[in-house]
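Asks: What follows is a structure written as structure tokens; I'll ask about it next.
The values are calculated or read from the model by the stated rules, or taken from the named source; none is laboratory data. As the structure is a computational prediction, the values presented were derived from the model and not from experiment. Glycine also receives a Cβ, built like all others from the backbone with ideal geometry; neighbour counts cover every protein chain displayed. Protein only, heavy atoms only, side chains kept; ligands, DNA and RNA dropped before computing areas. Shrake-Rupley method; radii C 1.70, N 1.55, O 1.52, S 1.80 Å.
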Amino acid sequence: MQVPQDSYVAVAEADAYHAMRPSRDAWALLTADEKEQQLVMASDFLDANYRFKGKKTDESQAREFPRNGQVDVPVVVKKAVFELAMQTDLSSNPEPYITREKVAVIEVEYADSSAHNTRFAYIDGLLKDWLYKASGMGAIMVARGSYGCC
């Protein structure tokens with residue numbers, strides 16, 4: 001069983017992926033250590049921000065994949081990591097959206113950024129078959145250790 005410990009992909013796999021895409025030059029500028037760090041951060045981001053269907057193949061494995069008895073990480077998960085590894089701000093929160101701005105007595109109103117979170121729509125599309133579906137009332141969010149309303 002090939003259970004990843006640090007990253008879902010190796011640097012060599014990412015090099016091959018980016019060599020065929022517009023990200024080639026930017027990826028090539030990174031050192032091997034920087035590439036590894038980006039791949040680990042991208043893998044961490046997936047595990048922390050997505051709720052996947054099924055169960056880990058081995059409950060003691062460090063990562064969310066492989067799942068459901070598989071022994072390898074699915075290609076779409078690897079692609080998601082390759083793409084996310086090009087992001088430099090994965091650990092920062094998205095900027096809030098300004099919905100109202102008043103100049104005279106200075107008034108600014110921010111919208112809930114989670115309601116407009118299409119930051120990684122391409123990644124969501126890649127992973128769609130592995131993600132729980134959104135309900136008619138919006139996506140189901142699970143907060144660990146926090147219960148209640150409002």
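Asks: Of the numbered conditions (1) assigned to a loop (DSSP other than H, G, I, E, B); (2) surrounded by 19 or more Cβ atoms within 10 Å (Cβ to Cβ), Tyr17 satisfies every one except a single condition; which is it?
Replies: Against the list (1) assigned to a loop (DSSP other than H, G, I, E, B); (2) surrounded by 19 or more Cβ atoms within 10 Å (Cβ to Cβ), Tyr17 comes up short only on (1).
Asks: Within segment 108-129, identify whether any single residue is open to solvent by less than 50 Å² (accessible area, probe 1.4 Å), at pLDDT 60 or above and part of a loop (DSSP other than H, G, I, E, B), and answer yes or no. So that I can check it myself, show each step before the final result.
Replies: Of segment 108-129, the ones open to solvent by less than 50 Å² (accessible area, probe 1.4 Å) are 111, 113, 120, 123, 125-127.
When the remaining residues are screened for being at pLDDT 60 or above, the result is 120, 123, 125-127.
Add one more test, that the residue is part of a loop (DSSP other than H, G, I, E, B), and what stays is 120.
So far as segment 108-129 goes, yes, one or more of its residues are open to solvent by less than 50 Å² (accessible area, probe 1.4 Å), at pLDDT 60 or above and part of a loop (DSSP other than H, G, I, E, B).
Asks: Right, another one. I need the full set of residues from segment 20-70 which are in contact with a strand residue (DSSP E or B) (Cβ under 7 Å, 6 or more places away or on another chain) and not in a loop (DSSP other than H, G, I, E, B), in order please.
Replies: Phe52, Lys56, Arg67
Asks: Any chance you could count how many residues in segment 65-83 are at pLDDT below 95 and acidic (Asp, Glu)?
Replies: Here the count works out to 1.
Asks: Scanning segment 29-54 for residues that are surrounded by fewer than 13 Cβ atoms within 10 Å (Cβ to Cβ) and touching a residue at least 12 places away in the same chain (Cβ under 8 Å), which turns out nearest to Val71 (Cα to Cα)?
Replies: The selected residue is Lys53.
Asks: Sticking with this structure for a sec: Before we move on, is Arg63 closer than 22 Å to Tyr17 by Cα, of a type in the set (Lys, Arg), surrounded by 16 or more Cβ atoms within 10 Å (Cβ to Cβ) and in contact (Cβ under 8 Å) with a residue 24 or more places away in the chain? Working first, answer last.
Replies: On the way: closer than 22 Å to Tyr17 by Cα: yes; of a type in the set (Lys, Arg): yes; surrounded by 16 or more Cβ atoms within 10 Å (Cβ to Cβ): yes; in contact (Cβ under 8 Å) with a residue 24 or more places away in the chain: yes.
Criteria met by Arg63.
Asks: Given the conditions (1) under 13 Å from the mean Cα position of the chain (by Cα); (2) part of a loop (DSSP other than H, G, I, E, B); (3) modelled with pLDDT under 95, and given that Met86 satisfies all but one, which numbered condition is not satisfied?
Replies: (3)
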